[in-house]
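Report on the structure given below.
Just so it is clear, none of the values below were taken in a lab; they were calculated from the coordinates. None of these values were measured; they are calculated from a predicted model. Reconstructed Cβ throughout: ideal geometry from the backbone, glycine too, with neighbour counts over all protein chains shown.
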Amino acid sequence: MERRDFIKTSGLIGSTYALSGASLFANSPTLTSNVAPADTFWLDGPMRWAQLAFVERDPGHYDPDFWLNYFKRIHADGALLSAGGIVAFYPTKIPLHHRSEFMGNSDTLGYLVDGCKKQGMKIMLRTDPHAARQDVYDAHPDWIAVTADGQKRRHWANPDLWVTCALGPYNFEFMPQVNKEIMERFKPEGIFSNRWHGHDICYCEHCQRNFKAASGLELPQKADKLDPTYRKWADWKMKRLREVWALWDSGIRQQQPTSRFIPNGFPDKVLTGKEADLFFADQQARRGLTPPWANGKGAKELRSTLGMKPLIGIFSVGIEEEFRWKDSVQSDAEIRIWVAEGTANGMRPCFVKFGGDIYDKRWMEAVARLYEGYHKNEKYLRNTAPMARVGVVYSEQTDRNYGGKAWQQKSGDHVDGFYHNLVESRIPFDMVNDRLLTPDDLKRFKLLILPNIAALSDAQCKQIQAFVDAGGSVIATFETSLYDEEGNQRPNFGLASLFGVTYDQKVEGPMRNSYLHMNQNAKDSQTQLILKGLDDTPRIINSIYKVAVKPTTTFPSPVTLIPTYPDLPMEDVYPRVAQTDTREIYLRQVGKGRVAYIPGDLDRSFWQLLNVDHGQLLTNVVQWALDEEPIASVNGPGVIDVNVWRQDKSMTVHLVNLTNPMMMKGPFRELIPVEAQVSVQVPAGAKVTGVKLLMSEQKPKFELKGGKVTLTVPKILDHEIVALDLA
């Protein structure tokens, strides 16, 4: 069994920890059977979390019973509470561990922990080691981070504090003492650490000495992902953070074997998936131009490496903009949509409130209604497997090792373009990490989409080829596989034989006033599918950049190039070449699979322009390559994100209504209901015994015919869940 997958026994979990070679956690158990040990059973328990992030003045000023009553009302079964680090909220005995000046003789944390435990809640305690006070600086100036100009680093938001070095003695010597005291005193299920991984390059004496010993080099002078020294530093930092993780986790387990250390963010999702038994995703809210589906995207990326281990999504009730108004309140609609996106994509919600004093209670009813609904339908939210047949590849490897040229900027827009297109197309899909492409990883998918996954190793290219050889289909765009895993350019695509084209040694663009010619004369069904919805036009706008390629086999020509021509002066705006035979989509059948290679940055151009024709063309290519009916089809107005899951005795179709004038900017002011007609394929061998609309508590009329359930959902406000009870 893959290590990131959970071992299922009566809905309970366990996991393995072995890395390639020695175990990261030397003192941790490695599961070798298919039965989870009893001491790990709690991990898959909590479904609704509450985080209260104390501020120093909370002791004596806030009402803990108010919060305990609220936790009880909303059926919260997990609590994430601030414990120590920058401030201790209990009577710590550790020198230099700053105790809240407002606490007196009380034990603020202890009272709340006891109250939560009496309500049956599981406890995760939060630490924050990223800053320290003057007494720490005075006693251990070497614990403090240093800037490139040799200055000790003051905290950017609170100049009374100093920023600690995450890779030095503060985390390796001081924080293990804090963790031990917290574990001995409160015996929580785990410790979650915020901002534990450092900020920027630190030039303290420890970092200088340790990096020089590890690499033989001086520290890089700036962050430049393509600089060889910076890359070595980034690799070294990753190893140091793994050592911190291993040290803290080992110490926590020595105190209580069932407990875990949970890092807030780790710069490697694959390692996170292998080593974390559960994970808290700190994706709190939208800011700027963040689309509302971004919370679902983050969940999908983590789910691709965690498998079905518990994934908890922290969401803010306040505004998450640049100037950080932490005591603010979001609109109900904005909170509900963000949480719905996380829940629909397999996350368990965890609201966070900064400070125990509450100035504005408007958010509380919205969260209560969400949690009460999720509690009532808990069995339908205990997912056992995703059912999407389309996988979108994302690549931390490409993010690290690709870029620098004009056409390689904003490379993340390729993934966002395909992501948004699939949401608009209502095609259920999941994310796939490009370092997890084994047959076992990919066996549930029919179609794999590679949105400019530029940096791929030879081994990864072979895995993708094997996926197609086994009957899978692939869509790839732009410079996919033109670089190896280290970002070195190849003379040809690593997937050239799969694409049926070779690299013609240049990238063209930006292509002003260039177009795609729609070859409407072709009568074959393939061309008709590719041009569906575009049959009234001979041309649409082109992408902004394109890779020049030469075909090595025969191809159809549904879409060809109209080259750039002047856009000024107006008298000169006419095509010099009416059309060419240069294909802009290369389509081929490979065994039982289909391959589409798009040389242009059509996905990125779609995200940047949101051009309706680009969206239609991408949708058509996806449907051609998928070559099967989706597991769920949804018709009707609006923008609806569709996700499909299996549970022990049911399957669910999550419908998140993103229809809103504020979809791409600013908080939702209101929720705009839509109606939808839904068709769901019933799993082979299963019998449908009932259909429910969980969030609106309705039992709709439905038709079961030809292995499909069809029904009308009369109103989707923010989030509706169609549940099929199965025997």
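Using C-alpha pairs under 8 Å with a sequence gap of at least 6, the mean separation divided by the residue count of the range 632-726 gives a relative contact order of 35 percent. Ranked by the mean number of other Cβ atoms within 10 Å per residue, highest first, peptides 323-329, 512-518, 371-377 order as 512-518, 371-377, 323-329.
Annotation note: trypsin sites (Lys or Arg not before Pro) in the range 220-296 located in DSSP loop regions with a Cβ neighbour count of at most 16 within 10 Å are K222, K225, R287. Do any of K353/K665; K212/K237; K361/K665; K212/K405; K506/K532; K237/K405 go past 20 Å between their Cα atoms, and which? Beyond 20 Å: K353/K665; K361/K665; K212/K405; K506/K532; K237/K405. The alpha carbon convex hull volume per residue for the range 48-376 rounds to 140 Å³. Near L370, once Lys and Arg are set to +1 and Asp and Glu to -1 for all other residues with Cβ below 15 Å from its Cβ, the sum equals -2.
One Cα centroid belongs to the range 417-451, the other to the range 333-364; the line between them spans 28 Å.
Ignoring aspartates and glutamates fewer than eight residues from K225 along the same chain, the ones with Cα atoms less than 20 angstrom from its Cα are D200, D235, D268, E396, D399, D413, D434, E479, D484, E485, E486. Grab the DSSP H runs of the chain that are 4 residues or longer, score each as -39,500 (n - 2.57), total them, divide by all residues and round the 222 nm result to the nearest 500 deg cm²/dmol. The helix contribution divided over the chain gives -8000 deg cm²/dmol.
Legend: ranking of residues M664, M121 from fewest to most surrounding C-beta atoms inside 10 Å; resulting order M664, M121. Taking other residues whose beta carbon is less than 15 angstrom from the beta carbon of R154, and scoring Lys, Arg as +1 and Asp, Glu as -1, yields -1. Summarising the label geometry, the points placed 7 Å from Cα in the beta-carbon direction at M663 and A548 lie 3.8 nm from one another.
Semi-axis lengths, largest first, of the ellipsoid equivalent to the chain are 44, 32, 24 Å, with √(5λ) applied to each eigenvalue of the Cα gyration tensor. Within the straight-line cut-off of under 16 Å between alpha carbons, the lysines reachable from K93 are K180, sequence neighbours fewer than 8 places apart in one chain being disregarded. A simple charge model with +1 on the Cβ of Lys and Arg, -1 on the Cβ of Asp and Glu and nothing else charged puts the dipole of the chain at about 1340 debye relative to its Cα centre.
When the range 48-376 is described by a simple charge dipole with +1 on each Lys and Arg Cβ and -1 on each Asp and Glu Cβ, the residue from H75, A214, A132 located farthest towards its positive end is H75.
Which of the trypsin sites (Lys or Arg not before Pro) across the range 537-610 are loop residues per DSSP, with 10 or fewer other Cβ within 10 Å?
On the way: sites: R539, K546, R576, R583, R588, K592, R594, R604; in loops: R576, K592.
The qualifying sites are R576.
Please report the spacing between the Cα centers of the range 51-121 and the range 209-233 in Å, no decimals. The range 51-121 and the range 209-233 have Cα centres spaced 41 Å from each other. Potential lengthening of the chain between A157 and D227 amounts to 22.2 nm, from the contour at 0.36 nm per residue minus the alpha-carbon distance.
Using only alpha carbon pairs under 8 Å that are at least six residues apart, calculate the relative contact order of the chain and give it in whole percent.
10 percent
For K462, a cut-off of 18 angstrom between C-alpha atoms picks up these lysines, skipping any fewer than 8 places away in its own chain: K443, K446, K592. For L456, L278, the sequence from fewest to most other C-beta atoms within 10 Å is L278, L456. Given +1 at the Cβ of Lys and Arg, -1 at the Cβ of Asp and Glu and no other charges, the dipole of the range 356-397 around its Cα centre is 300 debye to the nearest 20. Relative to its Kirkwood radius, the Cα radius of gyration of the range 388-626 gives an Rg/Rh of 0.95. Distance between the C-alpha centres of the range 560-606 and the range 620-653: 30 Å, rounded to the whole angstrom. Mind running the shape call on the range 491-578? Use the C-alpha gyration tensor, a ≥ b ≥ c as the square roots of the eigenvalues: rounded below 1.5 for a/c, prolate if a/b tops b/c, oblate otherwise. Oblate, since a/c reaches 1.5 and b/c is not below a/b.
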